[in-house]
Structures are given as structure tokens and as C-alpha cells.
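Here's the structure we're looking at; comments come further down.
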Amino acid sequence: MLLYLIRQLRLDMSRTLMRGGAIAAVVAVILVLEGFYAGQLVQLRNTVLNRGGDLIVLQAGVSNMIAVRSVLPQFSRQEVEAVDGVASAYPLTTVALIYEQAGVRTPISLFVYDTGGGPGSLFTGRPIEQDREIIIDRSLAEKYQLSPGDVFILSDFEFHIAGISEGDAAYFTSFGFVLFDDLLDFYFESDLADDISTFPLLSFLLVNLDVGADRATVAQRIEASVPSADVYLPAVLADKDEALGRVTLGPIFETMIGLAYIVGILVTGIIMFAAINGRLQNLGVLKALGFSNGYLLRFVMLEALLLASLAIPVGIVLAILLGVFIESLEPLYLVLPTETTPLLRTVLACWGFAIVGSLLPVHMIYRLDPGMVFRS
Amino acid sequence: MTRWMLKSLLLEPLMLMIAIASAASAFLLIIMFEGIFAGESEQIVAYVRNVKADVWVMQRGVSNMHMATSYLPDWKVRQVQELQSVEAVDAILYLNTVVEAGEHRWFSYVVGLDVPAAYAGPWAMSVGRDQPAVGEVIVPEVFAHMAQLEIGSQLRITDQEFTIVGLSRETFSMANSVIFINKIDMEDIMSSFDISSFMLVKAAPGVTPDDLVETIEREIDNVHALTAHQFLINDKKMAMQMGTDTIALMTLIGGALAILLVAFTIYSQVARQRRELAVAKALGATNRALYASVVFQAIAITLASVILATLVAALLMPVLSTLIPAVTLRLTVASVSKIAVAGVFVAITASLMPARQIARLDPVSAFQSGG
């Protein structure tokens with residue numbers, strides 16, 4: 001049966017290629033849409049996980065790092081460092097700002113750090129070594145064609161770009177990194193508000209523990225001694241940011257992915273239906289030769305599965321290429337089209353589409369009159 | 001000629017229906033994606049678009065609301081109120097943060113209202129009050145529905161509890177749902193007092209928004225004033241970068257798939273008629289007639305597909321809006337027209353490829369076996 005099937009597919013190569021190509025395109029688009037969503041969630045998680053620390057201290061009642069305002073009292077660093085089991089606590093502050101160049105405005109999150117919590121990995125340039133230097137993410141650098149050494153004016157305050165980092169963006173926002181030494185200068189000399197008391201001086205503390213100290217115990221001790229703060233394990237805070245991403249972005253992304261799946265079923269079904277309908281004559285010959293309806297049904301199902309199986313790897317490669325293309329075009333996005341769960345879901349769905357599509361014309365096979373072969 | 005074109009189109013009704021269904025599926029995908037894009041693009045600036053200000057005043061250097069940080073001392077609000085060309089000023093203090101209700105968490109724009117606010121508060125209420133007192137909050141009806149909240153339910157912003165006293169309409173969107181609290185509470189949350197983020201200014205009778213902008217910027221130091229129209233344009237531009245551009249990119253990818261599928265459908269439909277068209281050529285039909293026939297078929301199938309997809313989308317959108325209230329969908333004539341034009345262009349291009357092969361055929365081949 002398999003040999004006959006392969007011969008059938010090779011018989012009209014251009015049509016087989018078109019049908020396979022259409023299914024591969026459906027697979028690629030679903031994987032890219034899934035990859036977009038997965039990428040957004042990974043970016044949200046990485047924002048927390050890339051900052052380091054064994055524990056993260058936030059304002060009480062705040063349980064996210066991204067897109068929220070957390071303000072800790074200035075003296076909380078000393079209070080946290082005084083807790084038994086804490087080796088050190090590094091301050092981190094985030095400020096939402098808008099960068100403008102030649103009339104083009106882009107929202108950025110400015111991370112102000114001391115020794116920990118800085119950029120993830122440098123793409124080019126060097127770490128900050130001098131006053132008034134900044135490291136910006138590649139997405140921002142490429143958008144404005146900025147390089148190390150260039151001037152970066154933020155709210156009328158002049159920074160110089162020391163380096164370009166990679167993977168420091170989330171929630172459609174690029175990150176910038178400056179040192180705490182420059183924060184007060186920035187607040188006083190920039191054209192931010194007249195009253196800088198409205199801006200946070202300390203948002204988070206990244207806590208490193210003594211060797212052998214238990215995270216949960218130390219977290220409880222910190223919360224007891226600093227009532228204005230909540231303490232999270234980085235992985236837990238990352239989970240919360242991912243959960244927020246799912247709530248905020250999920251409905252839109254899931255609706256779009258769901259629609260793509262529905263259209264995928266329709267298209268694959270229609271392609272299979274048309275293919276079988278176009279070969280009724282051949283199937284009639286087989287029926288006239290004594291092959292049963294069950295055999296013909298297995299035959300068309302196997303053909304559909306074979307075509308889908310050939311199309312799926314092509315679709316995956318297409319999705320990877322599309323993802324790379326999108327990321328090179330717009331580094332703000334992370335596209336992960338080969339994440340295990342979405343990939344498995346898409347492959348299974350594609351086989352499902354193919355089977356459903358091949359079963360659509362089942363009544364035509366059952367009602368097929370073998371005599372038609374001899375009448376035509 | 002027209003009769004022949006119609007006849008060849010309707011020669012295989014089942015295959016015609018398959019072609020229309022196939023292309024309609026592709027169009028349905030892109031129409032729905034466009035619907036999401038159009039809906040979210042409008043909803044993301046719902047607050048700025050709906051409040052009845054003539055001019056927005058903010059901190060110098062700021063020119064939109066989305067993701068912007070603007071702080072103005074309250075004495076500047078009083079200075080603006082005293083200007084002759086000003087009829088009224090509503091000052092707001094706002095913050096983007098996460099609100100929590102039980103297990104439900106949502107990213108929101110929290111607007112602190114200087115109560116009583118004449119026009120800076122919710123513009124359409126579903127139920128309850130539109131002026132929050134201290135400790136009270138007004139939330140979008142959609143949010144309340146999703147989190148199973150009602151009037152009297154509790155909600156948390158940072159570490160403060162609020163009681164829901166009103167449910168607003170048209171204030172929910174993916175990126176910035178708008179909730180309203182009292183400005184006194186907002187100052188507490190931000191630990192910053194006697195400040196505002198924006199002034200929403202109404203011009204005195206006879207004063208144009210442009211004149212008012214000029215007056216405010218001349219009379220008040222270190223502020224930036226914009227007409228409501230310009231502020232909306234700026235805010236939409238910024239908000240689009242924060243989410244809707246992604247939807248646009250996804251729509252583009254969906255569109256590429258739709259184009260491919262439409263091209264595939266039309267190509268297959270025309271290619272299937274190769275033999276019949278070759279016979280027609282052998283019987284004297286000119287190349288021009290053959291091209292006219294395939295182009296006619298391509299246009300007919302495409303338009304029928306777009307109409308079918310639009311009808312299905314029109315039926316599907318209210319169902320989806322009920323099932324997934326967090327997604328705002330909007331079917332616009334502009335979107336459908338744009339898709340139809342692109343579809344017809346793609347279909348004609350795809351149909352001309354097999355038609356060209358037929359036009360080059362030797363008419364005699366039609367009568368040869370297997371021709």
C-alpha cells in the first residue's frame with residue numbers, strides 16, 4: 001500500500017508539492033504564533049532570573065518585577081544585611097522612561113544597579129567603568145543605530161553608551177542599565193519632575209545568602225525584620241511575572257493561535273477532501289478490483305498522514321527561519337517556535353487535521369460505484 | 001463569451017465550493033486577526049479618547065500618557081485654573097501597576113481622581129457610582145466579570161484594600177485597563193503628596209484648543225500642553241509599540257499564510273481546467289478570451305470567498321467577544337476592503353501562471369491522448 005501511495009504522490013509532483021507546501025505553511029504559521037507567545041513569557045521570566053541573587057526583596061504588596069512600581073525605604077538595605085544568614089544585599093531600582101531621538105519615541109525600563117542585577121550578557125562593548133555610562137539592549141541600539149561610544153540622551157541627561165547587551169527586553173520594552181552613582185545626578189540634572197521625591201530610589205534588593213543558609217528561613221527572618229517588604233525566591237517571582245504575562249497577553253495570543261488552529265483544520269481538511277475528490281476515478285478502479293471500503297479508507301488516511309508527515313519538518317524549518325528573520329528585523333521580540341509543548345501540540349494537531357480531512361469524503365468512498373470506471 | 005466564462009466556472013460545482021471554502025478559510029484568519037488589531041488599537045487609548053478635555057497639560061518633556069511618568073505640583077494646577085481662557089481643570093494622578101482580587105491579577109492603569117471630577121472619571125457606567133471616595137474603586141465591567149467581582153467586593157492595589165463601588169464600560173483592554181480611585185489614596189500608594197500627573201483642561205467659550213495651549217505654555221513654567229487631538233495621536237503611537245505592533249506583526253504572518261492559501265486555491269482551480277481551456281483554444285478561443293476567463297474566475301472565487309469569510313467573521317465575533325471578553329474585536333469596512341483588494345491581486349497573479357502555460361499550448365495537443 002505504501003509503495004502505491006508514494007507512486008500516487010509522485011504521479012502529480014507539482015500538485016503534491018503545493019498541497020504539502022500549504023500544510024507546511026499552516027504548520028509554520030501556527031509554530032511562529034506559538035513561538036511569539038512562548039518568547040514573551042520567557043522574556044518575562046528572564047527579566048527576574050537574569051538579575052541574580054538567592055532572594056529578592058520588594059515593596060510589601062508588590063509581587064512583580066516588570067511594569068510595576070516598587071519602592072523600598074532607603075534604610076532597608078542595612079536592615080536586610082543585618083539579618084542572620086544574609087551575606088549581602090544589592091540594590092536595584094527600575095524607572096520607566098521614554099527615549100526620544102529625531103522625533104521617534106520608545107518606552108524603556110531603566111535598571112539602576114550597584115554590583116548585582118546588571119545586564120545579562122554583553123553583545124558588544126564593555127561593562128560600565130566610568131561615570132555617566134549606560135548599557136542598552138540590542139533592540140534599542142538597532143532601532144536607533146546606536147553603538148558603544150555614542151551619546152545617549154535621556155530626559156536631557158547625557159549618558160555615553162559603554163556596551164550593548166543582549167536579551168534584556170520584556171513586555172515590549174527594551175532595558176537600559178546605569179550605575180547607582182549616576183542615579184542622583186540623573187534625577188537632579190535631567191528634566192524629570194520638579195519634585196524628584198516621586199521617583200523611586202530603591203525598588204528591589206537582590207540578596208545573597210551565607211553558605212549553607214536556608215532560603216525559606218532567611219526569607220521569613222527578612223519579612224519579620226522589614227515589615228515594609230516582601231521576599232520572594234527568584235523562581236517564584238519569575239513565575240508571578242510569567243503568570244501576569246499569561247493574564248495580560250494570553251487572551252489575545254491564545255485567540256489568535258486558536259484561530260490559526262481552526263483555519264489549519266479547515267485548510268488541511270479541504271486540501272485532503274479536494275485531493276480525494278480529484279482521484280475518485282482511481283479509487284473506483286481499486287473498488288472494481290475488489291478492494292473493500294475499509295481498505296480504501298485506510299488508504300486515504302495513510303496518504304493524508306504521509307503528506308502531513310512530509311510537510312511537518314518543512315513547516316518546522318520554515319518556522320525557525322521565520323523566527324530568525326523576525327528577530328533579526330526586530331530584536332525586541334524573542335520567537336521560540338520549537339518549544340517542546342507547542343511543537344508537540346502542533347505536530348499532533350497537524351496529524352489530526354490530516355485524518356479529519358481524509359475522513360471528510362468518507363461518504364464519497366462508500367457511495368462510490370465501481371461501475372463508473374467502465375462507463376467513463 | 002460571458003456565458004462560456006460562467007459555464008466554465010460552474011462546470012464542477014463541488015470543486016468550486018471547495019475552492020471558495022478554502023480561500024474563505026484563509027480570508028477568515030486574516031479578517032479575524034485584523035479585527036483583533038483594530039479592536040485593540042482603539043481600546044488601548046480608550047481613556048485619552050473618551051475623556052472630554054480640550055487640552056492636556058503635563059510635565060515638560062512628556063507628550064503622552066502610555067508608559068510615561070509625569071508629575072506636576074498641585075500649585076501649578078491652581079495656576080492653570082486661574083487663567084482667564086480656562087473654564088475647568090480636572091487633575092489626575094496615575095500609575096501603572098498590578099491590581100489583585102483573590103487569585104486574579106491584572107495589569108492596570110490606576111487613575112487617581114480629584115473628586116468630584118467633572119470629566120476625568122469613567123465616561124460610561126454599567127452600574128454603581130462614578131466618583132470614588134477614599135478606599136473605593138471603580139473597575140471595568142469586563143474585569144469584574146472575569147474575576148467574578150461585584151459591587152462591594154474587595155480589590156488590592158499594592159498593599160491597600162479597596163471596595164468596588166462602580167463598574168465602568170469601555171475601559172478594558174489587553175495592555176491598559178483603566179481603574180479609578182480617589183487621588184488621596186493614590187498619593188498614599190505613591191508616598192507622594194500634593195502632586196498630579198496630568199491636567200485635563202477645558203477651554204473657556206470662544207477659546208480654541210490651540211490658543212489655550214499657547215497661553216498655558218506661555219504663562220506656566222516647565223509644563224507641556226497639547227491639544228486633546230495631538231495628545232491622542234501621540235499616545236496611540238506610543239501604545240501601539242507596546243503590544244499592538246506585535247498583533248500587527250502576527251497579522252502580517254497570518255496574512256502571508258492567507259496569501260499563500262489563496263494563491264494555491266486559485267492556481268489549483270485554473271490548473272484543473274487546463275484541458276478544457278486547451279480545447280477551447282483549439283476551437284478558436286483567443287488567448288485574450290482565455291486570460292479573461294481565468295481572471296474572471298479568480299475574481300469571482302476571491303470575492304465570493306471574502307463575502308463568505310466576512311459573514312462567518314460577523315457571526316463569530318459576537319460569540320468570541322462573549323466567550324473571551326478580554327479580547328476586543330472590531331470588524332471594519334476598511335479592513336475587509338483592504339483584504340479583498342489584496343486577495344483579488346494575489347488571485348489574479350496566481351491564475352495567470354497556469355493561464356500563461358495554456359496560452360502557449362499547441363491547440364492540437366488538446367485532441368491528443370492525455371492532452
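Just so it is clear, none of the values below were taken in a lab; they were calculated from the coordinates. The structure displayed is predicted, hence computed values, not measured ones. Ideal geometry is used to build each Cβ from the backbone, glycine not excepted, and the neighbour counts take in all protein chains shown.
Can you pull the Kirkwood radius for segment A:229-343, inverse mean 1/r over Cα pairs, to one decimal in Å?
Details: mean 1/r = 0.0540 Å⁻¹.
For segment A:229-343, the Kirkwood estimate is 18.5 Å.
Per Stokes-Einstein, at 10 °C and 1.306 mPa s, what whole-number D in µm² s⁻¹ belongs to segment B:92-194, with the Kirkwood radius over Cα pairs as the hydrodynamic radius? Intermediate results must be reported in sequence, preceding the final value.
On the way: Rh = 13.1 Å.
Value of D from the Cα-based Kirkwood radius: 121 µm²/s.
Restricting things to Cα coordinates, could you compute the convex hull volume per residue of the protein assembly as shown in Å³?
Values: hull volume 150.3 nm³, N = 747.
Considering the Cα atoms of the protein assembly as shown, their hull volume per residue is 201 Å³.
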(request) May I ask for the angle, rounded to the nearest 10°, between helix A:13-49 and the longest principal axis of chain A, with both axes built from Cα atoms and the value confined to 0 to 90°? (result) 20
(message) Only helices at least 27 Å long along their own axis, judged from Cα atoms, and with Kyte-Doolittle mean hydropathy of 0.5 or greater: name those in chain B from DSSP H.
(response) B:13-43, B:245-272, B:287-323, B:333-359
(message) Only bridges whose two residues both fall in chain B count here: according to DSSP, what percent of them are antiparallel, nearest 5?
(response) 75
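For chain A, take the convex hull of the Cα atoms, compute a quarter of its surface area, and give me that in nm², please. Each step should come with its number before you reach the end.
Numbers: hull surface 99.9 nm².
Its average projected convex-hull area is 25.0 nm².
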(message) In chain B, once you exclude exposed GluC sites (Glu not before Pro) (DSSP loop, at most 14 other Cβ within 10 angstrom), what's the longest stretch remaining?
(response) B:151-371
(request) Give the order of B:SER126, A:SER358 when sorted by the count of other beta carbons within 10 angstrom, beginning with the fewest. (result) B:SER126, A:SER358
(message) If you average the alpha carbon positions of segment A:158-190 and of segment B:156-209, how far apart do those two centres end up, in angstrom?
(response) 29
(request) Note down the magnitude of the dipole of the protein assembly as shown about its Cα centre, charges +1 on Lys and Arg C-beta and -1 on Asp and Glu C-beta and zero elsewhere, to the nearest 20 debye. (result) 6300
(message) Run lengths n ≥ 4 of DSSP H only: what is the helix-derived mean residue ellipticity at 222 nm for chain A, with -39500 (n - 2.57) per run over all residues, to the nearest 500?
(response) -17500 deg cm²/dmol
(request) Using Cα pairs closer than 8 Å and at least 6 residues apart in sequence, work out the relative contact order for chain B, in percent. (result) 28
(request) Express in % the proportion of alpha carbon pairs of segment B:5-95 at distances exceeding 22 Å. (result) 58
(request) Take the Cα atoms of segment A:55-232, build their convex hull, and give its volume per residue in Å³. (result) 119
(message) Explain nothing, just the number: dipole magnitude of segment A:55-232 about its Cα centre with +1 on each Lys and Arg Cβ and -1 on each Asp and Glu Cβ, in debye rounded to the nearest 20.
(response) 560
(request) Please label the shape of chain B as rounded, prolate or oblate, based on the square roots a ≥ b ≥ c of the eigenvalues of the alpha-carbon gyration tensor (a/c under 1.5 means rounded; beyond that, a/b larger than b/c means prolate, else oblate). (result) prolate
(message) Just to be sure I understand: of the beta bridges DSSP finds with both ends in segment B:92-194, what percent are antiparallel, rounded to 5?
(response) 65
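Pulled fully out, how much extra length does the chain show between B:ARG360 and B:ARG3, if you take 0.36 nm times their separation in residues and subtract their Cα-Cα distance? Show your work: numbers first, answer last.
Numbers: separation 357, 0.36 × 357 = 128.52 nm, distance 2.40 nm.
Gain on stretching B:ARG360 to B:ARG3: 126.1 nm.
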(request) Calculate how many DSSP beta bridges within chain A are antiparallel, expressed in % of all such bridges and rounded to the nearest 5. (result) 75
(request) Please compute the net charge surrounding B:GLY152, taking Lys and Arg as +1 and Asp and Glu as -1 over other residues with Cβ under 14 Å from its Cβ. (result) -2
(message) Along its three principal axes, how long is segment B:1-54 when you only count alpha carbons? Whole Å, largest extent first please.
(response) 62, 22, 9
